[in-house]
Each structure stands twice: as structure tokens, then as C-alpha cells.
Amino acid sequence: MNVAIVKYNAGNIYSVVNALKRLGIEPSITDCPEELMKADKVLFPGQGEAKTAMEYLREHNLDNVIRDLQQPVLGICVGQQLLCRHSEEGDTDCIGIFPMDVRRFSPTCHEDKIPQMGWNKIFNLKSPLFLTPGDSLVKENSYVYFVHSYYVPLHEEYTIATADFTLPYSAAIHKDNFYATQFHPEKSGDIGARILKNFIDLK
């Protein structure tokens, strides 16, 4: 299995590498278009700020490379947000796979702390990313790990998992060969490992 991780100016890559190694996968970390195009699976993780990340991706033509990928692609955290159309963070036009706009959380009471940081449950699960039978089944209301100040709104067609923090939002989305999670599967224990395995096993 040839698994590639997109190399760009966003953090968190090595925790994803370690999570994949625990599944027996030795991924490559690359910004080479040819290597990304020929990989069986591509992961697009990230922590950071949307505007500077998109500037780097455009400067290195990686936005077009990612847009043209035909194999299964998994965006994680900022990687999910960058796959959308636009982000309020820095008023940033993004890659545009998903026709959805990323918004900033607005606290509704004093107890709402931004960013959301910690464990939260996901529900209304759809797609093989969660519903693979057997040991890789992810149950409704499983807890996964989030760190984010911005979110992708719910979408009737593309939302495949929901979370709730000040309002319900897309914890995961899917369109064609593109999958993405706002949470960090690589930091989400056994549940996250199941989700990563399900992605790796996608046909």
C-alpha cells in the first residue's frame, strides 16, 4: 500500500505518521506532484492558519494537484477546512472541493471556550469511513478529539458525521473520492485508529 501525506506548512504531520505506522503503514511525506498522483491513498492533515496555508499551497501548485487527485483523499482538521470553498479565517478562498464555507465559532454563553479543545462525540454517522462492519465499525456517539476555532456547517448531501459545540456542525464530510474530518483521528485512540483503517481499506 502506497500512502502519501501532503507536505506543506501545516503542523501535525508526524502524529499522523505514527498513527499510520501503528496500522503497519509506512507513509511517504511529499510535496512532489508525481508521488502524490501515483499514491494509493493521500492524507492531507494540518494544524495552523488557513490563509498562510493556502498561500503556500498555491505557491507550490499543490492546490491544483490536490484538486486533481483521483484516489481516496482524507483531509484532517485544517485539511478539511482547506478542501472547502472559502474560510472566514483570513477571508481565504480555499481549494473548493466542497461547496461549503468555513465559519468561526461564536460563543453563545460564558461557558463556551474558543477554540473547542478536547473530546466530543460524533453522531448521525454515514459512509464506509464509519460503517464498515466488524472490528472497524464506529458506533454512534463515539468520542473523538477536536482542536479548532472554525467549523464547516452541516450540509444535507456532504455531511457524514455531526458534532455539537455551540451548534451542530460537520465533524466529517465526503464528496466523491474526498473525505475529511474536523477531528483528529490520529489523536482519538481506538476509535481514531478504526477510522484511519477504514480509510486505508477504501476501494
Subject >> Checklist (1) over 13 Å from the mean Cα position of the chain (by Cα); (2) free of Cβ contacts under 8 Å to residues at least 60 places away in the same chain; (3) crowded, with 21+ Cβ neighbours inside 10 Å applied to I160, failing item >> reply: (1)
**OP:** Taking the options K203, K139, name whichever one is over 18 Å from Q81 (Cα atoms), modelled with pLDDT under 95 and loosely packed, with under 15 Cβ neighbours inside 10 Å.
**Re:** K203
Original post:
Among the helices (runs of 4 or more DSSP H) contained in the range 17-117, which hold 2 or more residues that are over 25 Å from D164 (Cβ atoms)?
Top reply: 33-38, 50-59, 62-68
Original post:
Among the residues of the range 163-184 satisfying the criterion of being of a type outside the set (A, V, I, L, M, F, W, C), crowded, with 24+ Cβ neighbours inside 10 Å and assigned to a strand (DSSP E or B), which is nearest to the chain's Cα centre (by Cα)?
Top reply: T181
**OP:** Answer with yes or no whether Q80 is within 27 Å of I200 (Cβ to Cβ), modelled with pLDDT under 95, open to solvent by less than 80 Å² (accessible area, probe 1.4 Å) and not small (G, A, S).
**Re:** no
**OP:** Can you work out which of the residues in the range 1-21 that are in contact (Cβ under 8 Å) with a residue 40 or more places away in the chain and over 24 Å from H148 (Cβ atoms) is least open to solvent (accessible area, probe 1.4 Å)?
**Re:** V3
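When the residues of the range 44-74 are filtered to those that are aliphatic (A, V, I, L, M) and without any contact (Cβ under 8 Å) to a residue 60 or more places away in the chain, which remaining residue is surrounded by the fewest Cβ atoms within 10 Å (Cβ to Cβ)?
Here the residue is V65.
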Original post:
Would you pick out the residues in the range 125-150 that are in contact with a Lys or Arg (Cβ under 6 Å, 6 or more places away or on another chain) and part of a strand (DSSP E or B)?
Top reply: Y143, Y145, Y150
**OP:** Kindly indicate the residue of the range 174-192 that is of a type in the set (A, V, I, L, M, F, W, C) and out of contact with any helix residue (DSSP H, G or I) (no Cβ under 7 Å at 6 or more places or on another chain) and also nearest to M1 (Cα to Cα) among those meeting that condition.
**Re:** F178
**OP:** Please go through the range 152-162 and pick out each residue that is outside any strand (DSSP E or B) and touching a Lys or Arg at 6+ places or on another chain (Cβ under 7 Å).
**Re:** P153, Y158
Original post:
Under 8 Å by Cβ, and 6 or more places apart or on different chains, what pairs join a residue from the range 172-189 that is among the basic types (K, R) with one that is in a strand (DSSP E or B)?
Top reply: K175/F98; K187/Y145
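The values are calculated or read from the model by the stated rules, or taken from the named source; none is laboratory data. Given the structure is predicted, the values throughout are model-derived calculations rather than measurements. We place every Cβ from the backbone using ideal geometry, glycine too, and count neighbours over all the protein chains shown. Just the protein is used for accessible areas: all its heavy atoms, side chains included, with ligands, DNA and RNA removed. Shrake-Rupley method; radii C 1.70, N 1.55, O 1.52, S 1.80 Å.
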